[in-house]
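Student: Dropping a structure here in structure tokens format, bear with me for questions.
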């Protein structure tokens, strides 16, 4: 029996999962991506160990594609490196308070380049570009009908919505009036950034922050620098909270950072010299969804749990989603088992993914020194470090094999009960 799987969204989540499901002969996989061509928009990625591990579970070729497209920050791929969270203002300026995403052979990549690497791993004929999902209909027999904005339609036995933060799948599952159906920006976060030639950056900034991925903190905003294009380009961004909606996207002034490390004002000058509107955006996430699935429809990645970028785990959680679905679908041999697989996915992934959403919100406030007790206690910095250790361990040190094993065991129990119930 051939089971038709539709994946809405040809980004990181959708392509990783498609590559994994193509290993199973029982599935006919089709990917529907809303844009005609992926553009060089969005930030850069420094994928953490959990993301790399999930890629290997799905298919080692995904890790190889990432390494092919990424900039190596180390001469030896067996050497470990992490993103360093650094105090950029105040009496503790220069102190490292956290090391996030420690992994061997740490690499950085532009999002568009990573997607291109994944596209190379999926047959061109199963990826349908320019298919923006407009409406979803579920029939009584479980078949799912996808209606696209160009007037075309497609049918499948199940739908996996990897259609991003403005997900139509999410709105279909939760209902358009549900308070968690749409993205939110409770703190009025925004980012202003620029991509500059590395030689310009090296001439302007001290070498202090150039040998790794730094996050530099302070009350007026936090900075991030990530090399891309094999080290030829530096992606620099400053993250701020606006006081009102009208201030979202306002390009900051170097004068706002005179109390920071001297390089921070220089970073603002670099950004102001080269930014364009593609590098200015408000930052959204999702409030908690009460469920990720219903019947033969499920949402994954940003559609299910869009996450603020402050602990660098949005893409990682999307790839983890794919790894769990990949493990479950190895045991799906009949259409009637799809809903059980999706329900098990929800049970397995939702608590962890939503915890990452919460931790990311907390991290953003910590970057701005909005941390309870930080200015009140003698050991405020030590308390901060302890918080970061817990955050970093939760995301990076996950046992993915056990996560998948527990999911498969739960799925088998559900199927067994259904079979036994039918026999009775």
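Student: Step by step: first the residues of segment 127-137, then only those that are crowded, with 16+ Cβ neighbours inside 10 Å and in contact with a helix residue (DSSP H, G or I) (Cβ under 9 Å, 6 or more places away or on another chain), then the one that is farthest from residue 173 (Cα to Cα). Which residue is that?
Tutor: Among those that are crowded, with 16+ Cβ neighbours inside 10 Å and in contact with a helix residue (DSSP H, G or I) (Cβ under 9 Å, 6 or more places away or on another chain), it is 127.
Student: Exactly one condition in (1) assigned to a loop (DSSP other than H, G, I, E, B); (2) within 23 Å of residue 16 (Cβ to Cβ) is not met by residue 371; state its number.
Tutor: Residue 371 satisfies every listed condition except (2).
Student: Say whether the condition of being in contact with a strand residue (DSSP E or B) (Cβ under 6 Å, 6 or more places away or on another chain) and part of a strand (DSSP E or B) is met by at least one residue in segment 162-184.
Tutor: Within segment 162-184 (the criterion being in contact with a strand residue (DSSP E or B) (Cβ under 6 Å, 6 or more places away or on another chain) and part of a strand (DSSP E or B)), the answer is no, since none of the residues qualifies.
Student: Please determine whether any residue of segment 139-147 is loosely packed, with under 15 Cβ neighbours inside 10 Å, free of Cβ contacts under 8 Å to residues at least 60 places away in the same chain and in contact with a strand residue (DSSP E or B) (Cβ under 6 Å, 6 or more places away or on another chain).
Tutor: No, segment 139-147 contains no residue that is loosely packed, with under 15 Cβ neighbours inside 10 Å, free of Cβ contacts under 8 Å to residues at least 60 places away in the same chain and in contact with a strand residue (DSSP E or B) (Cβ under 6 Å, 6 or more places away or on another chain).
Yes or no, residue by residue, for (1) touching a helix residue (DSSP H, G or I) at 6+ places or on another chain (Cβ under 9 Å); (2) modelled with pLDDT of 95 or more:
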| residue | (1), (2) |
| --- | --- |
| 157 | yes, yes |
| 160 | yes, yes |
| 170 | yes, yes |
| 198 | no, yes |
| 201 | yes, yes |
| 208 | yes, no |
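Student: Let me ask something else about it. If residue 161 satisfies all but one of (1) free of Cβ contacts under 8 Å to residues at least 60 places away in the same chain; (2) outside the structural domain of residue 246 (by TED's automatic domain parsing), what's the number of the condition it fails?
Tutor: Result: residue 161 passes all but (1).
Student: Kindly indicate which of 297, 280 is under 19 Å from the mean Cα position of the chain (by Cα) and either surrounded by 16 or more Cβ atoms within 10 Å (Cβ to Cβ) or under 24 Å from residue 198 (Cα atoms) (or both).
Tutor: The conditions single out 280.
Student: Another question, then. Considering every residue within segment 95-109, establish whether at least one is in a loop (DSSP other than H, G, I, E, B), out of contact with any strand residue (DSSP E or B) (no Cβ under 8 Å at 6 or more places or on another chain) and in contact (Cβ under 8 Å) with a residue 12 or more places away in the chain.
Tutor: No, segment 95-109 contains no residue that is in a loop (DSSP other than H, G, I, E, B), out of contact with any strand residue (DSSP E or B) (no Cβ under 8 Å at 6 or more places or on another chain) and in contact (Cβ under 8 Å) with a residue 12 or more places away in the chain.
Student: Right, next: Within segment 22-42, work out how many residues are touching a helix residue (DSSP H, G or I) at 6+ places or on another chain (Cβ under 6 Å) and either closer than 24 Å to residue 142 by Cβ or outside the structural domain of residue 143 (by TED's automatic domain parsing) (or both).
Tutor: 4
Student: Scan segment 238-280 residue by residue and report those that are under 21 Å from residue 360 (Cα atoms), in contact with a strand residue (DSSP E or B) (Cβ under 8 Å, 6 or more places away or on another chain) and either part of a loop (DSSP other than H, G, I, E, B) or at pLDDT 95 or above (or both).
Tutor: Hits for segment 238-280 are 238, 239, 240, 241, 242, 248, 249.
Student: Separate question: Looking for something surrounded by fewer than 24 Cβ atoms within 10 Å (Cβ to Cβ) and either free of Cβ contacts under 8 Å to residues at least 60 places away in the same chain or within 24 Å of residue 26 (Cα to Cα) (or both) - is there at least one such residue anywhere in segment 304-326?
Tutor: Within segment 304-326 (the criterion being surrounded by fewer than 24 Cβ atoms within 10 Å (Cβ to Cβ) and either free of Cβ contacts under 8 Å to residues at least 60 places away in the same chain or within 24 Å of residue 26 (Cα to Cα) (or both)), the answer is yes, since at least one residue qualifies.
Student: Given the condition in contact with a strand residue (DSSP E or B) (Cβ under 6 Å, 6 or more places away or on another chain), part of a helix (DSSP H, G or I), modelled with pLDDT of 95 or more and surrounded by 19 or more Cβ atoms within 10 Å (Cβ to Cβ), answer yes or no: does some residue in segment 58-74 qualify?
Tutor: Looking for residues that are in contact with a strand residue (DSSP E or B) (Cβ under 6 Å, 6 or more places away or on another chain), part of a helix (DSSP H, G or I), modelled with pLDDT of 95 or more and surrounded by 19 or more Cβ atoms within 10 Å (Cβ to Cβ), one finds none in segment 58-74, hence no.
The values are calculated or read from the model by the stated rules, or taken from the named source; none is laboratory data. Keep in mind that what you see is a predicted model, and the values were worked out from it rather than measured. A quick note on method: Cβ atoms are made from the backbone with ideal geometry, for glycine too, and the neighbour counts reach across all protein chains shown.
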